[in-house]
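Here's the structure we're looking at; comments come further down.
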2 protein chains.
Amino acid sequence: MKKLELLEKKLKYKFKNQNLLIHALTHKSFKKPYSNERLEFLGDAVLDLVVGEFLFHKFKNDAEGDLSKLRAALVNEKSFAKIALSLDLGTFIFMSASEENNGGRSKPSLLSDALEALIGAVHLESGFETAKEIALFLIQKNYPNIDAKNLIKDYKTKLQEITQSKMGQTPEYETLRAFGPDHQKQFEIALKLEGKEYSRATAKSKKEAQQMAAKIALEKLEVL
Amino acid sequence: MKKLELLEKKLKYKFKNQNLLIHALTHKSFKKPYSNERLEFLGDAVLDLVVGEFLFHKFKNDAEGDLSKLRAALVNEKSFAKIALSLDLGTFIFMSASEENNGGRSKPSLLSDALEALIGAVHLESGFETAKEIALFLIQKNYPNIDAKNLIKDYKTKLQEITQSKMGQTPEYETLRAFGPDHQKQFEIALKLEGKEYSRATAKSKKEAQQMAAKIALEKLEVL
């Protein structure tokens, strides 16, 4: 077990109540009268709001349905486990020997739960704004590219991954036409799979139109 | 359309930005470049955290799974619509004539969405603590009996409602035994349906044991 001060340094936060920190790091297997499950419940809601608010401000023109999808891409066990790993959180968790022997210190669910519990604990003793600051610092450090372009870029990448693994196909993009006055040029793009048009989109740049066509294709494939 | 000041009085909150208030009250049918859907997304997360935190403090000994269930009983369209009705919120919502003719001003989904959007708007301009204060004031005014006893009492009531409507049966409670020293008396209760034992529980009082047996029965019936 490493010294908890090390973890506090990484979080850039000093717990006023050290018992609360220990509480947040205690897995139920440790067989104490307390475990981090209730704090995890609280932290889960804190993180939902932190990320929801972050996306609300970042993507001012996106519909609420898109915000929900973006949030789901960030608020999940996998991404929280990644953040937890960056803090080396597994080495700080109190767990039973058998859980430890079972690989507990690197289990995504355990790591993600402890991260949520930590954020819940900060919210509890220092309020939402402080918890938000720490959560955003951790999220942005691990996901530095959460910006509109990158999340949009994901559509093409994501589609290609799926079509390659499921159909052995790479999507092709064909520019059908460019139209409109020079200062308001529009591009219409067709996305083809196995040589046949699968979706189509129009935007101010070819790149953007490709991304939109990929997004439509992902929706058709019911993976978005 | 009533004057918005009236609504602000009911909320005990004066919006700094009146446009934000209008935004929160604008249903998408109103065909403006904006609607309250994004604010609803934000408010939904605010309310989840507000209620989660409230229950966390109120039920200090309940497991995280029970907290989730309690939250689900409070954070839903039906209860938010009830709160919205208490504010007469329907009369303040901007909506299309056809939505209005369609009963929009009293639609639970529309009312609940507008309430969430209002709370989201307060969070946006005045922060979480202010939004929390308003939300808790509204929730406690409409659900004055959110306390452990009452929520536990709900198990018996809920079970009876279900067994009466589905089986035409009323659960019966039989005290099987009382045991233990006087200062630590325990009561074992059997819950019977159609004369047969359906669940059993032990607690420090008959009442509590009955509630626990009802809870177990609800879980067996898969309604909890």
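Rundown of residues vs (1) touching a residue at least 24 places away in the same chain (Cβ under 8 Å); (2) farther than 30 Å from A:Ala121 by Cβ; (3) touching an Asp or Glu at 6+ places or on another chain (Cβ under 8 Å); (4) assigned by TED's automatic domain parsing to the domain that holds B:Phe80, yes/no style:
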{"site": "B:Glu8", "(1), (2), (3), (4)": "no, yes, no, yes"}
{"site": "B:Asn17", "(1), (2), (3), (4)": "yes, yes, yes, yes"}
{"site": "B:His27", "(1), (2), (3), (4)": "yes, yes, yes, yes"}
{"site": "B:Pro33", "(1), (2), (3), (4)": "no, yes, no, yes"}
{"site": "B:Glu37", "(1), (2), (3), (4)": "yes, yes, yes, yes"}
{"site": "B:Asp48", "(1), (2), (3), (4)": "yes, no, yes, yes"}
{"site": "B:Glu53", "(1), (2), (3), (4)": "yes, no, no, yes"}
Breaking point among (1) free of Cβ contacts under 8 Å to residues at least 24 places away in the same chain; (2) in contact with a Phe, Trp or Tyr (Cβ under 9 Å, 6 or more places away or on another chain); (3) polar (S, T, N, Q); (4) in the same structural domain as A:Lys10 (by TED's automatic domain parsing), for A:Asn101: (2)
The lone exception for A:Ile216 - which of (1) without any contact (Cβ under 8 Å) to a residue 60 or more places away in the chain; (2) closer than 30 Å to B:Asp48 by Cβ it fails: (2)
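In this structure, does B:Ala72 turn out to be in contact with a helix residue (DSSP H, G or I) (Cβ under 8 Å, 6 or more places away or on another chain) and either of a type outside the set (Ser, Thr, Tyr) or at the interface with chain A (Cβ under 9 Å from one of its Cβ atoms) (or both)? Before the answer, list the steps.
On the way: in contact with a helix residue (DSSP H, G or I) (Cβ under 8 Å, 6 or more places away or on another chain): no; either of a type outside the set (Ser, Thr, Tyr) or at the interface with chain A (Cβ under 9 Å from one of its Cβ atoms) (or both): yes.
Spelling it out, it is not the case that B:Ala72 is in contact with a helix residue (DSSP H, G or I) (Cβ under 8 Å, 6 or more places away or on another chain) and either of a type outside the set (Ser, Thr, Tyr) or at the interface with chain A (Cβ under 9 Å from one of its Cβ atoms) (or both).
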Test: residue in the range B:172-193 that is over 23 Å from B:Asp62 (Cβ atoms), among the small types (Gly, Ala, Ser) and modelled with pLDDT of 95 or more: yes
Helices (runs of 4 or more DSSP H) contained entirely in the range A:1-89, each with at least 2 residues that are within 26 Å of B:Asp48 (Cα to Cα): A:18-24, A:37-58, A:64-74, A:77-86
Test: residue in the range A:127-149 that is within 14 Å of another protein chain (Cβ to nearest Cβ), touching a residue at least 60 places away in the same chain (Cβ under 8 Å) and small (Gly, Ala, Ser): yes
The range B:95-126, residues that are outside any helix (DSSP H, G or I) and surrounded by 14 or more Cβ atoms within 10 Å (Cβ to Cβ): B:Met95, B:Ser96, B:Lys107
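When the range A:36-76 is examined, which residues are found to be polar (S, T, N, Q) and surrounded by 20 or more Cβ atoms within 10 Å (Cβ to Cβ)? Before the answer, list the steps.
Taking the range A:36-76 and keeping what is polar (S, T, N, Q), we get A:36, A:61, A:68, A:76.
Answer for the range A:36-76, where residues must be polar (S, T, N, Q) and surrounded by 20 or more Cβ atoms within 10 Å (Cβ to Cβ): just A:Asn36.
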Members of the range A:26-55 found to be more than 18 Å from B:Phe56 (Cβ to Cβ) and either more than 10 Å from every other protein chain (Cβ to nearest Cβ) or modelled with pLDDT of 95 or more (or both), listed by number: A:His27, A:Ser29, A:Phe30, A:Lys31, A:Lys32, A:Val51, A:Gly52, A:Glu53, A:Phe54
Number of the condition not met by B:Ile22 [criteria: (1) in contact (Cβ under 8 Å) with a residue 60 or more places away in the chain; (2) touching an Asp or Glu at 6+ places or on another chain (Cβ under 7 Å); (3) closer than 16 Å to B:Gly120 by Cβ; (4) surrounded by fewer than 20 Cβ atoms within 10 Å (Cβ to Cβ)]: (2)
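The values are calculated or read from the model by the stated rules, or taken from the named source; none is laboratory data. Keep in mind the model is a prediction, meaning the values are calculated, not measured. Here the Cβ is made from the backbone with ideal geometry for all residues, glycine too, and neighbour counts use every protein chain on show.
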